[in-house]
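Written out below as structure tokens is the structure these notes cover.
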Amino acid sequence: MTLDTRTAPARPAPTSVRAALRHPVAATRWLWSYAMTPGAPGRPTTETELRWLYGGWLLAFALKMLGSSWDVSWHFKWLRDDLAPPHLMNSAGTVLVVALVVVHTYSGRGVDRRALRWMQWGTATFLVAVPVDIINHRVNGLDITSWSPSHMLLYVGTAIMLAGAIRGWWLYAAPGRVRTGVLLGLWLFFVENMLFPNQHQEYGVLSLAAYRDGHTTAEPQLLDFAAAQGSSPTSFMLPVPPWVHPAWLICAGLLSLVVARRVVGKRWTATVLVGTYLAYRAVVWGFLVATGFPPSVLPVMLLVGAVLVDCAVTWRVPGWLAGVPVAGAVFLAAFVQEFLAVIPPWQWQVAPAVCLGFAVLWAVVDRVGSSARWARWCAPLEAAPPAGHGASAR
């Protein structure tokens, strides 16, 4: 007699977190039987099981995002430490991601082959980048810049694994508010990851101003170590040219909002994502300042671009036509923000090139989104959808 590995485990999934906490032994038994029952990608998965799986993804990236936000501010105050609290919080999220990828891989639940491969490759890239980053810090001393090659490898790995999670949930979750809410949550983490490198300048501009005013937020040991490494305060607080922040904000951050708006399909997707991101950054700003850590500038100008992206997609304005005015509006909003408050250094002369580049990238997204290849991509590679609902690919 052979075991049919495509059947669901005998024990039902807990219906809620409260139910799992009320009966922890039963919940643990269900989790073990669920994760340890082998199967192939595309295996039938109930809606409750899907919510447990992708709720785990939301929890994992919430930990990673909190740890990363704290980590940036930490590096502008203290010397780097592999076991610093923000690193440990980020690592807890990474451990949960690895566990989820193992469950997806072994059980075949909640993913097709393409989504699973992206999860696996993204996680592998991230895990390879971790020791590379540690070695980089050992070799290059201070090197706290978010723009180092080892850090960029971390962002790439995170983006790939999140793309896999977005695909899995997007294909298999039943239409409704829960599907939209989880999808927005996953896209929020994706956008935050894309915007993360710019936080170096957003913290650095205020930290450098405080240093020059004689009330630095950095501890003496950090400044002394920087001086011993031959690094000036400017070189490690604002380590990249002033064209980088606007170019990355628009051509990476704003472009990811264009893709999110098309995938989610809801009218104010980009606006909700940026509004939530800025609200999160504001809350974190308050906690960091209250506990003595350096503050940052918030990229409020991005909200203008998000609103215009939503309007352009809703009104079916092609990207080649909408790209230049939308990016130009972000530059104008940045100019106003600089007049009213503070922003990182922006090189205004690059505005034409950035606006044209963004229009080209948006046009590419439009072209891909209307292609037959995209239509094929929107369907799971496996013929059988999860149990209880069909795949939706808007």
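Among the listed residues Ser235, Ser146, identify the single one that is at pLDDT below 85 and surrounded by fewer than 20 Cβ atoms within 10 Å (Cβ to Cβ). None of the others qualify; the one that does is Ser235.
Could you run through the stretch 334-350 and say how many residues are assigned to a helix (DSSP H, G or I) and surrounded by 22 or more Cβ atoms within 10 Å (Cβ to Cβ)?
Step one: list which residues in the stretch 334-350 are assigned to a helix (DSSP H, G or I), which gives 334-340, 348-350.
Applying the additional criterion that residues be surrounded by 22 or more Cβ atoms within 10 Å (Cβ to Cβ) yields 334.
Of the residues in the stretch 334-350, 1 are assigned to a helix (DSSP H, G or I) and surrounded by 22 or more Cβ atoms within 10 Å (Cβ to Cβ).
For the stretch 36-68, the tally of residues that are at pLDDT below 90, in contact with a Lys or Arg (Cβ under 8 Å, 6 or more places away or on another chain) and assigned to a helix (DSSP H, G or I) stands at 1.
Restricting the stretch 80-97 to residues that are surrounded by 17 or more Cβ atoms within 10 Å (Cβ to Cβ) and touching a residue at least 24 places away in the same chain (Cβ under 8 Å), the residue that is nearest to Phe196 (Cα to Cα) is Asn90.
Filtered by the rule that a residue be closer than 12 Å to Glu382 by Cβ and part of a helix (DSSP H, G or I), the stretch 110-131 gives Arg113, Arg114, Ala115, Leu116.
In a residue-by-residue description of the stretch 224-231, the property of being at pLDDT 95 or above and over 18 Å from Gly185 (Cα atoms) applies to no position.
Let's see how each residue does on (1) buried (at least 21 other Cβ atoms within 10 Å of the Cβ); (2) assigned by TED's automatic domain parsing to the domain that holds Arg117; (3) of a type outside the set (D, E, K, R):
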| site | (1), (2), (3) |
| --- | --- |
| Pro41 | yes, yes, yes |
| Pro44 | no, yes, yes |
| Glu49 | yes, yes, no |
| Trp57 | yes, yes, yes |
| Leu63 | no, yes, yes |
| Trp70 | yes, yes, yes |
| Trp78 | no, yes, yes |
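The set of residues in the stretch 366-382 that are surrounded by 13 or more Cβ atoms within 10 Å (Cβ to Cβ) and out of contact with any Leu (no Cβ under 7 Å at 6 or more places or on another chain) comprises Asp366, Arg367, Val368, Gly369, Trp374, Trp377, Cys378, Ala379, Leu381, Glu382.
Here is a check on your reading of the model: is Phe293 surrounded by fewer than 18 Cβ atoms within 10 Å (Cβ to Cβ) and of a type in the set (A, V, I, L, M, F, W, C)?
Working: surrounded by fewer than 18 Cβ atoms within 10 Å (Cβ to Cβ): no; of a type in the set (A, V, I, L, M, F, W, C): yes.
Taking the combined requirement at face value, the residue does not satisfy it.
The values are calculated or read from the model by the stated rules, or taken from the named source; none is laboratory data. Bear in mind the structure is a predicted one, so any value in this text is a computation, not a measurement. No Cβ is skipped: glycine too gets one built from the backbone with ideal geometry, and neighbour counts run over all protein chains shown.
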